[in-house]
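What follows is a single structure, written as C-alpha cells, with notes after it.
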Amino acid sequence: MKKTAIAAALALSLGASLAHAQTSDPRGWYAGIDVGASRSNRSALDDDKDVSLGINVGYRLHRNFAVEAAFAHLGDFSPSYDNARALSLSALGILPLDYGFSAYGKVGYARTRVSGNGGSDDANSGVFGLGAYYDLNRQWFLKAAWDHYTKVGGSRTGEDSLNTYSLGVGYRF
C-alpha cells in the first residue's frame with residue numbers, strides 16, 4: 001500500500017510538471033547547439049557525407065511562431081571542397097503537442113560559403129526543414145531536425161545542395 005501511494009504521488013508530480021511546462025508562456029529567447037550528419041546531393045563526390053555542427057539563437061514570439069538565427073558548419077566534402085558553412089535566418093511554425101513534445105517547420109534564407117580547389121564561393125540559399133522538440137523542463141529542451149540548403153558552392157567549387165540531420169539541446173532564458 002505504501003509503495004502504491006508513493007508511485008501515485010510521483011506520477012501525479014510528473015504529470016503536473018509536464019502540464020505546467022506545456023501550458024507555461026513559451027515566449028522569450030532561447031539558444032541551442034546541434035550535432036549531426038550532413039549529406040551532399042551531388043553524386044560525383046567521393047566523400048558525400050560528413051559531420052555537421054551548429055549553434056542557434058532565437059526568439060519565440062508566440063506559442064506557434066519563432067524567429068531563429070543560426071551558424072552551421074556543414075562539413076568537408078572532397079575532392080570538390082574542404083569547408084562548407086552557412087549563416088541563416090529562419091521563421092519557425094510550431095505545433096505544440098502533448099507531454100512536452102512540439103513539431104515544427106522552418107523556412108528561411110542562408111548565406112553559404114564553400115572553400116576548396118584553391119578558391120571559395122559564396123551563395124544565397126533557401127533553407128527549409130522539419131523537426132521536433134521535447135521539453136525536459138521549463139528551461140531545457142531536446143531537438144531532432146532535418147534541414148535542406150538549396151544552394152551551396154558555385155563556379156569555382158561546384159554547385160550543390162545539402163541536407164543535415166541533427167540532434168541538439170537548447171536552453172530557454
Residue hits (segment 66-124; among the small types (Gly, Ala, Ser), open to solvent by less than 80 Å² (accessible area, probe 1.4 Å), out of contact with any Asp or Glu (no Cβ under 7 Å at 6 or more places or on another chain) and not in a strand (DSSP E or B)) are 80
Might you check whether a residue that is surrounded by fewer than 15 Cβ atoms within 10 Å (Cβ to Cβ) and outside any strand (DSSP E or B) occurs anywhere in segment 144-153? no
Segment 154-171: number of residues that are over 16 Å from residue 88 (Cβ atoms), crowded, with 22+ Cβ neighbours inside 10 Å and among the hydroxyl-bearing types (Ser, Thr, Tyr): 1
Assess whether residue 127 counts as being open to solvent by less than 10 Å² (accessible area, probe 1.4 Å) and at pLDDT 95 or above. yes
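Of the residues 156, 138, 111, only one is at pLDDT 90 or above and either under 11 Å from the mean Cα position of the chain (by Cα) or more than 19 Å from residue 38 (Cα to Cα) (or both); which?
Details: 156 fails: at pLDDT 90 or above; 111 fails: either under 11 Å from the mean Cα position of the chain (by Cα) or more than 19 Å from residue 38 (Cα to Cα) (or both).
On inspection, the qualifying residue turns out to be 138.
Restricting segment 154-173 to residues that are charged (D, E, K, R) and in a strand (DSSP E or B), which is farthest from residue 62 (Cα to Cα)?
My answer is 160.
The values are calculated or read from the model by the stated rules, or taken from the named source; none is laboratory data. Everything quoted here is computed from the prediction, not taken from an experiment. In this analysis, Cβ positions are derived from the backbone assuming ideal geometry, glycine residues included, and neighbour counts consider all displayed protein chains. Protein only, heavy atoms only, side chains kept; ligands, DNA and RNA dropped before computing areas. Shrake-Rupley method; radii C 1.70, N 1.55, O 1.52, S 1.80 Å.
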